[in-house]
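Encoded as structure tokens, the structure appears first; notes follow it.
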Amino acid sequence: MFFSTLYLQHILRLGPMAAGLVLLAFSCCFVLTLRGTRLWIGRLGNRQAMMLGMALMVAAFLLCRPIGPDSGLPWLIAALALAGIGQALALNASTTATMNAVPDGRASAAAGLLNGTRLLGSVLGIALPGAVFQASETGRLLQALHPKLALEPAEGRVVASLLSGSAQASEAILALARATGRAADPAFVRLVEGNVTAAFMGALQSGMLVCAFVSILGVVATFRTRPGLLSRMPVVGR
């Protein structure tokens, strides 16, 4: 979701309202799927439902591979919709399995542990791909610009702190280029903007691959879990 927002606003130049409407593909599919997960879990069982949900997440991340700087909106909408369905399945199945696996007297502790684990997962889910994204885009940007601008170490640190893909990044790099007298050259301006966008797209693909890999680990871990721990149980009442 975080990377999708950056892509929509920094690359496709959509406004906040338009970007929010695109993200509704995830929210609507998530809510609609939650209403039908009782049927899915009843047919598949918790274990299979969790595996299916995380497999759909893997597919959603891989659907982002064809996304480009000038196109890719349909692919992103499809990926968001698939991610909404997958996350709803995995979320509900894991909640059902956890809450039904503990005695009633420990339900509160189990709920707290489950929520705490999910919050930790959310933090790591942003931090890990975010770190890969930042390292990838910084490396790509410096590699593309250093020969052209002969950046000093301090200027390189400025470039490393930028969020490539954004208009602010291009403006900051052109400000550094003014010292060379090339910032007024239209061809050079297009070159900088192209490199900034390319760095963002490359980093975006790296981040999505990390997310897909983590989701694959989730599928494997669920598959290797003893079936008795994730038995077919009724959905927790709401």
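The values are calculated or read from the model by the stated rules, or taken from the named source; none is laboratory data. Every value quoted in this text rests on a predicted model; they were computed, and no experiment measured them. Don't worry about glycine lacking a Cβ; one is built from the backbone with ideal geometry, like all the others, and counts go over all protein chains shown. Note: accessible area is taken over every heavy atom of the protein model, side chains too, but ligands, DNA and RNA are not part of it. Shrake-Rupley method; radii C 1.70, N 1.55, O 1.52, S 1.80 Å.
Taking all protein chains as shown and a probe of 1.4 angstrom, Phe133 keeps an accessible surface of around 10 Å².
Taking every C-alpha pair closer than 8 Å and separated by at least 6 residues, the mean separation divided by the residue count of segment 1-153 gives a relative contact order of 24 percent.
Extension gain for the segment Val220 to Trp75, taken as residue separation times 0.36 nm less the Cα-Cα distance, is 49.6 nm to one decimal. Converting the Cα gyration tensor eigenvalues of segment 1-124 into ellipsoid dimensions via √(5λ) gives semi-axes, longest first, of 32, 16, 12 Å. Applying 0.36 nm per residue to the separation of Phe213 and Ser108 and subtracting their alpha-carbon distance, the gain on full extension is 34.6 nm. Shape index of segment 38-84: Rg/Rh, with Rg the Cα radius of gyration and Rh the Kirkwood radius from the inverse mean 1/r over Cα pairs, equals 1.16.
Among the protein heavy atoms, those of Val132 account for about 50 Å² of accessible surface (1.4 Å probe, every chain in place). The slack in the chain from Thr5 to Leu39, taken as 0.36 nm per residue of separation less the alpha-carbon distance, amounts to 9.0 nm. Viscosity 1.306 mPa s, temperature 10 °C: what is the translational diffusion coefficient of segment 53-150 from Stokes-Einstein with a Kirkwood Rh over Cα pairs, rounded to a whole number of µm²/s? The estimated diffusion coefficient comes to 96 µm²/s.
In the complete set of protein chains, residue-level accessible area for Asp70 is approximately 140 Å², probe 1.4 angstrom.
Computed from label points 7 Å out along Cα-Cβ, the spacing between Ala101 and Arg65 is 3.2 nm. Charged neighbours of Thr98, selected by a Cβ distance under 13 Å, balance to +3 (K, R count +1; D, E count -1).
Using a Förster distance of 22 Å, how high is the FRET efficiency between Leu119 and Cys28, based on the Cβ-Cβ distance and rounded to 0.05? Plugging the Cβ-Cβ distance into 1/(1 + (r/R0)^6) gives 0.35.
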